[in-house]
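Peer 1: Pasting a structure here, questions to come.
Read the figures in this text as sums done on the coordinates, not as results from a lab. None of these values were measured; they are calculated from a predicted model. No Cβ is skipped: glycine too gets one built from the backbone with ideal geometry, and neighbour counts run over all protein chains shown.
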Amino acid sequence: MGRLAICPGSFDPVTNGHLDIIQRGAKVFDKMIVTVFHNQSKSPLFSVEERIELLKEATIELENVEVDSSSELLMEYAKQKEATAIIRGLRAVSDFEYEMQITSMNRKLNEDIETFFMMTNNEYSFLSSSMVKEVAKYHADVSDLVPKVVESALKKKFT
Ligand code: ADP
C-alpha cells in the first residue's frame with residue numbers, strides 16, 4: 001500500500017497555506033489523507049460537509065490525495081488507516097508550543113506513528129483560516145489567500 005500520511009486540521013476553510021503543505025507533503029508520501037476533524041470546541045463558519053467539498057475541489061488535481069472527516073481521536077484514526085505519519089504545518093514561533101504539546105501527547109498514545117512538520121512557505125507565514133474569515137467578512141479581496149472555490153464560498157456566506 002505504500003506510505004500513508006494523514007494531514008489533520010479544521011480547514012475552516014482551506015487556505016493556500018494549507019494547500020502548500022498538502023502539495024509538498026503529497027510529493028514525499030505515497031498517499032495522503034486530508035482529514036477534517038470536528039471534535040474541537042471551535043464554532044466553525046463552514047459545516048464539515050462544506051469543508052470537505054471545498055477541500056475536494058481544491059485538491060482535485062492531486063492524484064494521491066484523498067479527503068475525509070472524523071470525530072475520533074487523531075491517533076486512533078491514524079492507526080485504523082494504517083498511517084505511517086502525521087503531517088502538520090508550522091508558521092511562526094507561536095505555533096510551536098501548541099504543536100509540541102499535541103505531538104508529545106500523540107507520541108505517548110502511539111509511538112509508531114511519527115509526526116512531521118513542514119515549514120510554511122514564506123508567502124503564507126501569516127495566513128490562517130481565521131484571518132481569512134475576518135477579512136472576508138468585510139468583503140476584502142482574499143483571492144491571493146485561498147483557492148477560487150473558497151473565495152466564492154466566502155462571498156456567499158457573507159452576502
Ligand atoms: P487546527 O485547528 O488543527 O490547527 P488548521 O486547519 O488551522 O487546524 O490547520 C491545519 C494544519 O495546517 C496545521 O498544522 C496548521 O499549522 C497548518 N497551517 C495552517 N495555515 C498554514 C499556513 N499558512 N502555512 C503552513 N501551515 C499552515
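Peer 1: From Glu123, Glu82, Glu99, Glu134, which residue is charged (D, E, K, R) and over 20 Å from His18 (Cβ atoms)?
Peer 2: Glu82
Peer 1: Also, I was wondering about something else. Can you pull out the residues in the range 57-93 that are of a type in the set (D, E, K, R), more than 21 Å from Arg3 (Cα to Cα) and either in contact with a Lys or Arg (Cβ under 6 Å, 6 or more places away or on another chain) or surrounded by 15 or more Cβ atoms within 10 Å (Cβ to Cβ) (or both)?
Peer 2: Residues satisfying the conditions are Glu57, Arg91.
Peer 1: I'm checking my understanding of the structure. Among residues of the range 27-49 that are touching a residue at least 12 places away in the same chain (Cβ under 8 Å) and away from the ligand (no atom under 14 Å from the Cβ), which one is surrounded by the most Cβ atoms within 10 Å (Cβ to Cβ)?
Peer 2: The qualifying residue surrounded by the most Cβ atoms within 10 Å (Cβ to Cβ) is Phe29.
Peer 1: Specify which of the listed residues (Leu74, Leu54) is touching a strand residue (DSSP E or B) at 6+ places or on another chain (Cβ under 7 Å) and not hydroxyl-bearing (Ser, Thr, Tyr).
Peer 2: Among Leu74, Leu54, only Leu74 is touching a strand residue (DSSP E or B) at 6+ places or on another chain (Cβ under 7 Å) and not hydroxyl-bearing (Ser, Thr, Tyr).
Peer 1: Name the residue that is surrounded by the most Cβ atoms within 10 Å (Cβ to Cβ), counting only residues in the range 95-124 that are near the ligand (Cβ under 10 Å from one of its atoms) and over 17 Å from Gly9 (Cα atoms).
Peer 2: Asn121
Peer 1: Going residue by residue through the range 3-24, is there one that turns out to be farther than 28 Å from Ser143 by Cβ, out of contact with any Lys or Arg (no Cβ under 8 Å at 6 or more places or on another chain) and surrounded by fewer than 21 Cβ atoms within 10 Å (Cβ to Cβ)? Steps first, answer last, please.
Peer 2: Residues of the range 3-24 that are farther than 28 Å from Ser143 by Cβ, as a first pass: 3-6.
Narrowing further to those that are out of contact with any Lys or Arg (no Cβ under 8 Å at 6 or more places or on another chain): none.
No, there is no match, as no residue in the range 3-24 is farther than 28 Å from Ser143 by Cβ, out of contact with any Lys or Arg (no Cβ under 8 Å at 6 or more places or on another chain) and surrounded by fewer than 21 Cβ atoms within 10 Å (Cβ to Cβ).
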